[in-house]
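**Student:** Sharing a structure here in structure tokens format.
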Amino acid sequence: MTEQVRKVEEPLTTAQRATLNAVLRFATERGYPPTFRDVADMMGWSSPNAASQMVGVLARKGFLAFDAGIARTIRGTEAAHEQATKQPRAV
């Protein structure tokens with residue numbers, strides 16, 4: 001499976017950065033990617049749909065990738081690992 005590399009132009013919001021960091025930390029600590037339910041639980045959201053939407057936004061911005069319809073495929077891109085620990089830009 002090939003991963004499309006997207007140009008990262010938009011800055012991350014505080015919530016997007018927190019979600020990205022949680023996904024990367026989960027995968028690092030456990031050795032496998034989270035599900036949307038895992039992401040929702042980590043972020044304190046009651047619905048995996050909220051996690052799905054946020055992961056979709058992060059994928060469109062080029063920070064995450066996932067295979068639709070297949071569990072545990074959420075993964076950080078190279079841009080995610082470079083940007084995840086940077087401080088959010090003041091708005």
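The numbers here are math on the coordinates, done by the rules we state, and not lab data. Since the model is a prediction, treat every value here as computed from it, not as a measurement. Neighbour counts run over all protein chains shown; Cβ positions are idealised from the backbone, glycine included.
**Student:** Return the pairs, sorted by first residue and then second, in which the second residue is of a type outside the set (S, T, N, Q), the first residue lies in the stretch 72-84 and is more than 15 Å from Pro33 (Cα to Cα), the beta carbons are less than 6 Å apart, and the residues are 6+ apart or on different chains.
**Tutor:** Ala79/Val8; Ala79/Gly62; Ala79/Phe63; Ala84/Leu20; Ala84/Leu24
**Student:** Next question. Helices (runs of 4 or more DSSP H) wholly in the stretch 11-91 with at least 2 residues that are surrounded by 12 or more Cβ atoms within 10 Å (Cβ to Cβ) and out of contact with any helix residue (DSSP H, G or I) (no Cβ under 8 Å at 6 or more places or on another chain) - which ones?
**Tutor:** 14-30, 48-60, 78-83
**Student:** Among the residues of the stretch 12-36, write down those that are out of contact with any Pro (no Cβ under 9 Å at 6 or more places or on another chain) and free of Cβ contacts under 8 Å to residues at least 40 places away in the same chain.
**Tutor:** Ala15, Ala18, Thr19, Arg25, Thr28, Glu29, Arg30, Gly31 - these are the residues of the stretch 12-36 that are out of contact with any Pro (no Cβ under 9 Å at 6 or more places or on another chain) and free of Cβ contacts under 8 Å to residues at least 40 places away in the same chain.
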